[in-house]
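The values are calculated or read from the model by the stated rules, or taken from the named source; none is laboratory data. In this text, all values refer to a predicted model and were calculated from it rather than measured experimentally. Virtual Cβ from ideal backbone geometry, glycine too; neighbours counted across all protein chains shown. Protein only, heavy atoms only, side chains kept; ligands, DNA and RNA dropped before computing areas. Shrake-Rupley method; radii C 1.70, N 1.55, O 1.52, S 1.80 Å.
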Amino acid sequence: MATLLKPLDAADTAREELERWIDATQKKSLLRFITCGSVDDGKSTLIGRLLYDSKMLFEDQLSTLASDSKKQGTQGEALDFALLVDGLAAEREQGITIDVAYRFFATEKRKFIVADTPGHEQYTRNMVTGASTADLAVILIDARKGVLTQTKRHSFLVHLLGIRNVVLAVNKMDLVGYDQSAFDRIVEDYAAFAKTAGIGAFTAIPVSGLKGDNITSRSAEIDWYDGPFLLEHLEAVPAAERKAADEPFRMAVQWVSRPSQNFRGYTGRIASGQVRVGDPISVLPAGRNSFVERIVTFDGDLDQAVAGQSVTLTLTDEIDCSRGDILVAAGERSDAVSRISASLVWMSDEKLVPHRSYWLKVGTQTVSASIDTVQSITDVNTLEISDGNALALNDIGKVVIDLDRAIPGVRYVDNRKLGGFILIDKMTHATVAAGLVDDFPANAVRRAAGPTSTITWVTGPDRALWAARTAAELKAQRRQVSIIDEEAIAGFPADDPVRTAREAAKLLAAAGVHVLVTIEARPGEAHPGRVVEASNEDNGGGEWVI
């Protein structure tokens with residue numbers, strides 16, 4: 001019997017076309033980039049032109065743009081493309097960008113998420129927010145004005161935040177008659193600054209966001225330029241996802257999933273690398289090891305997951321792992337730190353207060369923190385480094401921060417997602433600073449090697465004095481410490497004090513306490529943990545690896 005096929009109606013055809021388009025779009029690589037620079041350099045107009053020329057606007061959006069351009073535009077009867085991203089009333093009234101505006105668009109080759117960031121100095125904090133997730137920065141310069149202070153500030157921040165793909169878009173070339181000498185002069189000035197700021201390379205492109213020159217196609221007006229136009233360059237930049245997938249596996253645990261007594265999973269977004277079922281992994285900062293049993297997602301189990309995916313991992317062993325811990329590939333360094341040196345961008349109108357307590361949010365973990373010292377402040381105009389006691393709005397400084405408890409030590413240069421943090425005012429809950437972990441000062445690092453890694457047995461005639469001095473030093477670093485001596489176990493059975501001390505030390509160490517045991521063991525008896533021979537000259541100084 002012949003099968004009768006139902007003809008597709010218009011709705012079915014449209015649905016199938018939409019599904020094909022979504023499937024094709026999902027397979028494209030993604031590039032996140034920002035536009036930044038000084039005030040009125042044309043950032044919003046440039047993005048509006050990209051959206052318009054890439055055919056990413058619906059008919060109602062075009063109609064609204066035409067209507068708004070007549071009422072609030074600055075281009076007479078022509079379309080004002082800046083209105084596509086400047087949505088706040090205050091932005092349209094003043095003709096400036098205040099908040100960060102994110103827009104999505106796609107071409108045949110790639111998907112894009114672009115962040116339009118403000119140029120005013122007082123909104124530098126918003127620019128930092130937009131740049132924190134970007135892979136490329138388009139720094140705009142008005143061809144009539146050249147390199148300005150805010151151009152330098154944004155360029156310095158872009159480099160500080162680890163963005164290495166930089167495009168210098170010399171905008172408004174139409175207002176200087178497409179003069180090549182004006183373009184060359186600006187590129188020369190910026191190159192001199194970039195060399196001093198540590199910016200290794202950049203791609204300079206002459207453009208006109210308003211007229212569309214060198215935006216999505218090559219401009220006939222700028223025939224002296226033979227480099228790529230803007231969209232051509234954006235489509236050719238190597239995909240960030242591929243680079244992240246090639247890095248070591250790291251995933252911060254966002255929450256522990258327990259839908260039933262038979263399931264325990266650790267949920268988070270993979271920050272870098274890739275993971276497969278059966279891979280050995282470690283939990284930081286504790287350093288406990290296990291194997292990946294399942295990779296669970298909303299759409300079902302996977303055999304493999306890569307950077308950028310949100311997954312739930314189940315492990316073959318029942319180990320202690322909670323929110324804020326980091327899952328890494330087995331063999332990765334497992335340092336836990338309670339003191340960090342960092343680059344800090346101050347974002348509050350109120351100056352930094354040394355030794356004041358703030359919340360520090362890094363990855364999925366929030367800890368109490370205080371600024372111990374401000375080591376230096378960088379003048380972004382001259383790039384001169386000077387001493388300073390406090391940071392004011394938009395200042396960039398090197399600081400040392402003390403934490404109330406140890407966290408996994410990840411440098412920003414090794415992982416942007418897990419090495420960046422924010423400081424939050426405990427009273428107002430306002431974000432006061434954005435920071436990048438640079439390094440870990442001495443006396444702040446301990447190697448996690450299981451529950452007994454924080455037990456130190458002190459021997460020798462001066463063990464009590466050594467333990468007291470060492471405990472004072474550790475407490476000064478805001479670390480939990482306990483001394484087990486004869487007095488501490490006086491209420492327990494006296495037949496085996498060493499065994500009693502050993503079991504008590506294990507329980508305290510499992511809770512994250514640094515334990516110093518001063519009870520002498522019998523000759524030849526092994527100690528669980530590090531052994532120190534105390535003397536009058538040794539007071540516990542130096543780097544602690546316990």
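Observations on the model:
- On the stretch given as the range 291-309, residues that are closer than 18 Å to Phe263 by Cα and modelled with pLDDT of 90 or more total 10.
- The set of residues from the range 410-433 being small (Gly, Ala, Ser) and under 18 Å from Ser370 (Cβ atoms) comprises Ala430, Ala433.
- Residues that are open to solvent by 10 Å² or more (accessible area, probe 1.4 Å) and closer than 14 Å to Lys111 by Cα, drawn from the range 31-50: Arg32
- Evaluation of Pro259 against (1) touching a Cys at 6+ places or on another chain (Cβ under 8 Å); (2) free of Cβ contacts under 8 Å to residues at least 12 places away in the same chain (one fails), failing number: (1)
- Filter result for the condition that a residue is small (Gly, Ala, Ser), at pLDDT 75 or above, open to solvent by 50 Å² or more (accessible area, probe 1.4 Å) and within 44 Å of the chain's Cα centre (by Cα), over Ala472, Ala510, Ala490, Ala476: Ala472
- Among residues of the range 413-424, those that are open to solvent by 20 Å² or more (accessible area, probe 1.4 Å) and in a loop (DSSP other than H, G, I, E, B), counted: 2
- Matching option when the condition is of a type in the set (A, V, I, L, M) and under 24 Å from Glu332 (Cβ atoms), among Val253, Val207: Val253
- When restricted to residues that are of a type in the set (A, V, I, L, M, F, W, C) and in a strand (DSSP E or B), the range 369-401 contains 9.
- Restricting attention to the range 291-347, the residues that are buried (at least 17 other Cβ atoms within 10 Å of the Cβ), among the hydrophobic types (A, V, I, L, M, F, W, C) and in contact with a Ser or Thr (Cβ under 6 Å, 6 or more places away or on another chain) add up to 5.
- The residue of the range 365-384 that is farthest from Lys152 (Cα to Cα), among those that are of a type in the set (A, V, I, L, M, F, W, C) and surrounded by 14 or more Cβ atoms within 10 Å (Cβ to Cβ), is Val367.
- Selection status of Ser260, buried (at least 21 other Cβ atoms within 10 Å of the Cβ) and either hydroxyl-bearing (Ser, Thr, Tyr) or within 26 Å of Ala369 (Cα to Cα) (or both): no
- Members of the range 291-311 that are part of a strand (DSSP E or B) and either over 21 Å from the mean Cα position of the chain (by Cα) or on the phi > 0 side of the Ramachandran plot (or both): Phe291, Val292, Glu293, Arg294, Ile295, Val296, Thr297, Gly300, Asp301, Leu302, Gln304
- Scan of the range 334-349 for residues that are of a type outside the set (Gly, Ala, Ser) and within 20 Å of Tyr266 (Cβ to Cβ), ordered by number: none
- Scanning the range 176-206 for residues that are in contact with a strand residue (DSSP E or B) (Cβ under 7 Å, 6 or more places away or on another chain) and of a type in the set (Gly, Ala, Ser) yields a total of 1.
- Each residue in the range 348-364 was checked for being open to solvent by 10 Å² or more (accessible area, probe 1.4 Å), in contact (Cβ under 8 Å) with a residue 60 or more places away in the chain and either of a type in the set (Ser, Thr, Tyr) or over 18 Å from Leu161 (Cβ atoms) (or both), and 5 pass.
- Taking the numbered list (1) at pLDDT 80 or above; (2) more than 30 Å from Gly409 (Cβ to Cβ); (3) among the charged types (D, E, K, R); (4) surrounded by 16 or more Cβ atoms within 10 Å (Cβ to Cβ) in turn, Asp462 passes all entries but (1).
- Lone qualifier among Val437, Val432 - being crowded, with 21+ Cβ neighbours inside 10 Å and out of contact with any Gly (no Cβ under 7 Å at 6 or more places or on another chain): Val432
Yes or no, residue by residue, for (1) over 16 Å from Ala169 (Cβ atoms); (2) open to solvent by 10 Å² or more (accessible area, probe 1.4 Å); (3) not small (Gly, Ala, Ser):
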{"residue": "Val187", "(1), (2), (3)": "no, yes, yes"}
{"residue": "Thr196", "(1), (2), (3)": "yes, yes, yes"}
{"residue": "Ile199", "(1), (2), (3)": "no, yes, yes"}
{"residue": "Phe202", "(1), (2), (3)": "no, yes, yes"}
{"residue": "Pro206", "(1), (2), (3)": "no, no, yes"}
{"residue": "Gly212", "(1), (2), (3)": "no, yes, no"}
{"residue": "Arg218", "(1), (2), (3)": "no, yes, yes"}
{"residue": "Glu221", "(1), (2), (3)": "no, yes, yes"}
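- Inspection of the range 108-125 finds no residue satisfying the criterion of being open to solvent by less than 40 Å² (accessible area, probe 1.4 Å), modelled with pLDDT of 90 or more and not in a loop (DSSP other than H, G, I, E, B).
- Qualifying residue in the range 159-181 (condition: at pLDDT 90 or above, of a type in the set (Asp, Glu) and surrounded by fewer than 23 Cβ atoms within 10 Å (Cβ to Cβ)): yes
- Filtered residues of the range 276-290 (kept if touching a residue at least 60 places away in the same chain (Cβ under 8 Å) and either touching a helix residue (DSSP H, G or I) at 6+ places or on another chain (Cβ under 8 Å) or not in a strand (DSSP E or B) (or both)): Pro285, Ala286, Gly287
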